[in-house]
1. Suppose we keep only residues that are β-branched (Val, Ile, Thr) and closer than 19 Å to Glu226 by Cα within the stretch 98-144. Which one would you say is surrounded by the most Cβ atoms within 10 Å (Cβ to Cβ)?
2. Output the qualifying pairs, or none if there are none: Cβ atoms under 7 angstrom, residues six or more apart or on different chains, first residue in the stretch 80-96 and within 14 Å of Thr51 (Cβ to Cβ), second residue in a strand (DSSP E or B).
3. For the stretch 63-77, give me each residue that is within 21 Å of Gly141 (Cα to Cα) and either open to solvent by 10 Å² or more (accessible area, probe 1.4 Å) or hydroxyl-bearing (Ser, Thr, Tyr) (or both).
4. Show me the strands (runs of 3 or more DSSP E) entirely contained within the stretch 1-116 in which 1 or more residues are among the acidic types (Asp, Glu).
5. Mind listing just one residue for me: the one in the stretch 34-49 that is small (Gly, Ala, Ser) and under 19 Å from Ile253 (Cβ atoms) and, of those, surrounded by the most Cβ atoms within 10 Å (Cβ to Cβ)?
6. What are the pairs with Cβ atoms under 6 angstrom where one residue, in the stretch 207-225, is within 13 Å of Ser123 (Cα to Cα) and the other, located anywhere, is in a strand (DSSP E or B)? Sequence gap at least six, or different chains.
7. Could you please tell me which pairs satisfy a Cβ distance under 6 Å, a separation of 6+ or placement on different chains, a first residue in the stretch 170-182 that is among the acidic types (Asp, Glu), and a second residue that is part of a strand (DSSP E or B) and modelled with pLDDT of 90 or more?
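The values are calculated or read from the model by the stated rules, or taken from the named source; none is laboratory data. What you are looking at is a predicted structure, and each value in this text was computed from that prediction instead of being measured. Virtual Cβ from ideal backbone geometry, glycine too; neighbours counted across all protein chains shown. When the accessible area is computed, the model is the full protein with side chains, heavy atoms only, and any ligands, DNA or RNA have been set aside. Shrake-Rupley method; radii C 1.70, N 1.55, O 1.52, S 1.80 Å.
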Amino acid sequence: MGERVPLYDSFSDAYDHFVNWTQRLAYEMAFIQRQLAAVGARSVLDAACGTGWHAIALAQAGYEVTGADLSSGMIERARQNAAAMAVSRVRFVVAGFGQLRKIINRSYNAVLCLGNSLPHVLSDEELHATLADFAAVLVPGGLLLIQNRNFDAVMRTRVRWMTPQWYCQEGQEQLFIRFYDFNADGTLTFNVLILERKDNEAWSQRAEATQLRPWLSNELHRALEENGFTDCTFFGDMAGSPFDVANSGDLVIVAYRRG
């Protein structure tokens, strides 16, 4: 069993409705596979894999894949998703940041940390431990690919609200409303309000939240170099657009473990 993970343990049942995975994978996989091909990667660790869809897609493409997540609920759903897709060339383990080397105890050609997962690391010490853990499970020259929101822009504009997302199938509707609280200590509270109803009955609602550290691009660049990574390249999205600190929606980092 993993530790209790606020938001995500209770969100695992809705997460696959919250994300349009067919659309997202169609958009992101070409960029991911180009980065993997550049280092000749055959083995991949998807850290903070959530419900497993990136790992499943990579396994379908012929990679040897492990998906790891601190939330046991997310890992259980990932295993169900892999079984439903008849994908056997992927394993899922309960392991959080800083635990990967100890629990998984092997090396990979590439580590992925996607979906704005790294900002769940809240302190400088935890960030250094996480990046050192990534380096420990990579072969020399191995690839690290990180996808975060562009918090340089978020913290400059202090825009709280994100685009609502809606799911509807067979009479079941879910509406996801997401927003930030900007805390005095520099962290963010990421809030998700979930509205649900079936067959046009009354709406029910529940609210979930988790804390994030809005890591800035220069902070991450410095921390990566201090923990054994080199040749850091920043992109603004998972299509490989150049990073614009003021306007990019994402901060995507490609870096390599020093030999």
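1. It comes out as Val111.
2. Between residues of the stretch 80-96 that are within 14 Å of Thr51 (Cβ to Cβ) and residues that are in a strand (DSSP E or B), the close pairs are Ala82/Val90; Val90/Val65; Val90/Gly67; Phe92/Gly67; Val94/Asp69.
3. Matches in the stretch 63-77: Tyr63, Glu64, Thr66.
4. In the stretch 1-116, 43-47, 64-69 are the strands (runs of 3 or more DSSP E) which contain 1 or more residues that are among the acidic types (Asp, Glu).
5. The extreme case among them is Ala47.
6. Listed by first residue and then by second, the contacts come to Gln211/Thr189; Leu212/Leu188; Leu212/Phe190; Pro214/Leu188.
7. Going by the 6 Å Cβ cut-off, the qualifying pairs are Glu173/Arg197; Asp181/Thr189.
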